[in-house]
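See below for the structure under consideration.
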Amino acid sequence: MKTKLMLAIGWSAVVGCMIGTPVHAAEKPAPSLIAASDLLKLKQLESPALSPDGRSVVYVVRSIEPKPDAKDEWVYHQHLWLAATDGKNPPRQLTRAGTSNSAPAWSPDGRRIAFVRGDAAPADKAQIFVLPLEGGEAFALTKSEFGAGSPRWSPDGTRMLFTSSLSEAQVRAALEKAGGEAKPKWTEERAGRTGGDVGNWALKAAKTKGKQDDEKSSSPTPAVSPDGTLQERREWLAKNEADGSPRALVRLNFLNETDLSPELSFLHLFVQEVREGAEAINLTPGYNGFSGGEWMGDGKSLVAVGARRLDEHPDRVRSSSLYRVDTAGGGVTPFLAMPEHSLSDPTPSPDGNWIAFQAIPGEASGYTQATVALVAADGSAAKILTADFDRRAENLRWSPDSAAIFFTAANEGAFPLYRVARTGGAPERLTPDSDLGVRAFDIGRDHRVQIVTTPKNPSEMFVGPALGAEKGGAGFAALTAHNRGWLAGKKLSLPESNRLMGREGLAVQYWTMKPTEFDGAKKYPLLLQIHGGPAAMWGPGEESMWFEFQYFAARGFAIVYANPRGSTGYGHDFQRANFQNWGDRPAADILAAAELAAEASHVDRTRQVITGGSYGGYLVAWIVAHDHRFKAAVAQRGVYHLPTFFGEGTAWRLVPIAFGGFSWEPGTRSLLERESPFNYVAQIKTPLLIQHGDVDRRTGFVQSEMMLRALKQLGREVESVRYPRANHEMSRSGEPKQRLDSLVRYEEFFRRYIGEN
């Protein structure tokens, strides 16, 4: 499929020279195929931010670099780059210190850039740095013991808003030091106990281990003894818990992405003057978290997101509202709550008169579509602008004249950019290309910059008129060539879009890709790829699978992937069509696409293989237990037994959302058992490789072990591969060598059963 985002010849030549892509008349070498090691050349562009005058854009480039003093090991680097929007000056790298520089934000006068820097030393917390563009080194603005993120300049440029995450112990110590009430308003959920009924041992343990500054708690050290009074015994037990032996779990959400999480943490909003040595003020002290903080136009207050009920235990919170925060330390007051909606992403307009925000009907997760909503700066006249737009609206930005709101929404394999007028009306689609994904963008007075994914390039930035709608890419030109440089010598396979009519009359979109070196006289193995979610969406505009698809196409596979029922990007009814049915019906959609792909004359029907990750891993196991056409399968980080998943996964809320209840309820229990691939393990005859990360707590790894043991006991051809330190994001942001290993390993496993081409 050809991308319609074409480049002007003159501009293309200029940009090629800027970033080292040679442009000359000499004969070019024949293009080569994507190789596994090309993964190490990938660049991901993120967080574009236009300068106030619109002449420059700062952005983040995430690259993979050799690990110092370690052969065949690589690490990620994130650095800030600066590009001129007129294309006359080459993009240049702004930061070199540290390995993680992110979240750039311009000062109102355009003379400084604030950003977050981490990894200067392993023990250091990330801090806000300020880089003067007129010369000089970046300096650390914050020195927070809690770390700092999400910098936001005040309208007059004199103060900085930022976030820090505090533990329960740190919150308690700060409240005690201030002389305030040191107990939360919500119930501790530990029978017979109340918050703060023992000493602040977690803080004392952190100080002992050198993770905490001195004199943060004014409370005396209580007496402890295993043989003392009841209170002394409680103090002794609490001290042991603080030392991590044992870890007492009393929370509903007792897991994080990689480990147990016995203690709550709270995201707080801080503000400080933009000068070295200034003291930061915690604007939201206490046992509640606030996020998404943005300055109101008057510079005297913020708008932020918090739990709808501040007296509810944080683990029980399902809905959010907007709050006003006094920047002088005057506290937090409710700003806007909407019945039956969860509110997020507040975005004040440039003129200071309005706040756009995201409103999700019902609770914050489920099948409902997020809408664009609007409220006046005084909290009045709240309304939803996109109630009839059956897609999930995200990434809100205002037009410079405060007349319209721009946003992205997943739609049928693409991630288009839309615009809706402040006064209402139908959203206008600005990027009509069906194979393009706008991953991030920013809007200035004259220019709009967009980080885009296309079938020919996973990540590059383009610039065009601020308010223009693209017609075949007219008016937009490439501003960077971070990937285009190395891809210039590569031969690629391009996806072809198709549709089929599935069960119940649902139209299912799918894509096929031919082997990169396609020969119509040859037969090729077919690889069926399945996405996770379930509410994810793949397509030519999706970045995360770009390299994997190209790798397998280069290795001689024909590829097919689909968006079965349950996928986002096709509206509420399509997304909810997998309710109480994760297996049979979505699998039927996918297999129908595979069957049509296998009818192509170049496909060898006797050599079909299958893989997928997360919910895709679930479907791989489900399919090979019910269909035996595949010669080999790889199930990645999957869910296989739903009652167990409820207990061991951080994504456990998918169980009540997708099945309408819990496993101890008889009706739901039978549903969960019916929909669990593990219960059909004896029917699996397909050779299976089961992949998981050692610290993947999102789906949990015990179910993979259950599958492995059962299949080994049954005498089936099964292997498991576990990646140390790897969490659920391994395939997207895991250790580079592990990502490389997984691609090569999956193909090697397939080749045992289908042979070479």
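Readers should treat all values here as calculations from the given coordinates under stated rules, not as data from a laboratory. Source: prediction; values computed, not measured. Quick reminder, even Gly has a Cβ in these numbers, built from the backbone with ideal geometry, and neighbours come from all protein chains shown.
In segment 493-754, the alpha-carbon atoms span a convex hull of 115 Å³ per residue. Placing unit charges on each Cβ (+1 for Lys and Arg, -1 for Asp and Glu) gives segment 676-757 a dipole about its Cα centre, and among MET706, VAL744, GLN691 the Cα reaching farthest toward its positive end belongs to MET706.
Of the cross-linked pairs LYS67/LYS88; LYS456/LYS523; LYS490/LYS514; LYS43/LYS491, which ones have a Cα-Cα span greater than 23 Å in the structure shown?
Numbers: LYS67/LYS88 34 Å; LYS456/LYS523 25 Å; LYS490/LYS514 16 Å; LYS43/LYS491 18 Å.
LYS67/LYS88; LYS456/LYS523, as the Cα separations exceed 23 Å there.
Projecting the Cα atoms of PRO91, SER56, TRP295 onto the dipole axis of the chain, where Lys and Arg carry +1 and Asp and Glu carry -1 at the beta carbon, places PRO91 farthest toward the positive end.
Tell me whether segment 26-71 comes out rounded, prolate or oblate; compute the Cα gyration tensor, take square roots of the eigenvalues as a ≥ b ≥ c, and use a/c under 1.5 as the rounded threshold.
The shape class here is oblate.
Each Lys and Arg contributes +1 and each Asp and Glu -1, all at the Cβ; summed about the Cα centre of segment 607-757, the dipole is approximately 180 debye.
Dividing the mean sequence gap of close Cα pairs (under 8 Å, 6+ apart) by how many residues segment 493-754 holds gives a relative contact order of 16 percent. Please work out whether the chain counts as rounded, prolate or oblate from its C-alpha gyration tensor, where a ≥ b ≥ c are the square roots of the eigenvalues and a/c under 1.5 means rounded, while otherwise a/b larger than b/c means prolate and anything else oblate? Oblate. Ranked by the mean number of other Cβ atoms within 10 Å of their residues, highest first, the peptides 271-283, 600-612 fall in the order 600-612, 271-283. Quick check: from the Cα gyration tensor, does segment 520-588 come out rounded (a/c under 1.5), prolate or oblate? Taking the square roots of the gyration eigenvalues as a ≥ b ≥ c, segment 520-588 is prolate.
Taking other residues whose beta carbon is less than 11 angstrom from the beta carbon of PHE750, and scoring Lys, Arg as +1 and Asp, Glu as -1, yields +3.
For the peptides 220-231, 445-456, the ranking by mean Cβ contacts within 10 Å, running from highest to lowest, is 445-456, 220-231. Distance from the C-alpha centroid of segment 511-589 to that of segment 319-333: 44 Å, rounded to the whole angstrom. Sequence-distant contacts, meaning Cα pairs under 8 Å at least 6 residues apart, place the relative contact order of segment 28-172 at 14 percent. Close Lys pairs in segment 152-307 (alpha-carbon distance under 25 Å; sequence gap of 8 or more, or different chains): 22. Please report the net charge: other residues with Cβ closer than 9 Å to the Cβ of ALA478, K and R +1, D and E -1. Here the count lands on 0. Each Lys and Arg contributes +1 and each Asp and Glu -1, all at the Cβ; summed about the Cα centre of segment 493-754, the dipole is approximately 420 debye.
Restricting to Cα pairs below 8 Å that are 6+ residues apart, what does the relative contact order work out to for the chain? Please round to a whole percent. Mind dumping the intermediate values first?
On the way: 1793 pairs, mean separation 75.0, N = 757.
The normalised contact order for the chain reaches 10 percent.
Give me ILE443, ILE690 sorted ascending by neighbouring Cβ count inside 10 Å, so fewest comes first.
Details: ILE443 22, ILE690 27.
Ranking ILE443, ILE690 by Cβ neighbours within 10 Å, fewest first, gives ILE443, ILE690.
Counted by neighbouring Cβ atoms within 10 Å, the residues TYR524, TYR561 run from fewest to most as TYR524, TYR561. All other residues whose Cβ lies under 9 angstrom from that of LEU689 are scored, Lys and Arg at +1 and Asp and Glu at -1, for a net of 0. Using Cβ point charges alone (K and R +1, D and E -1), the dipole size of the chain about the Cα centre works out to roughly 1220 debye.
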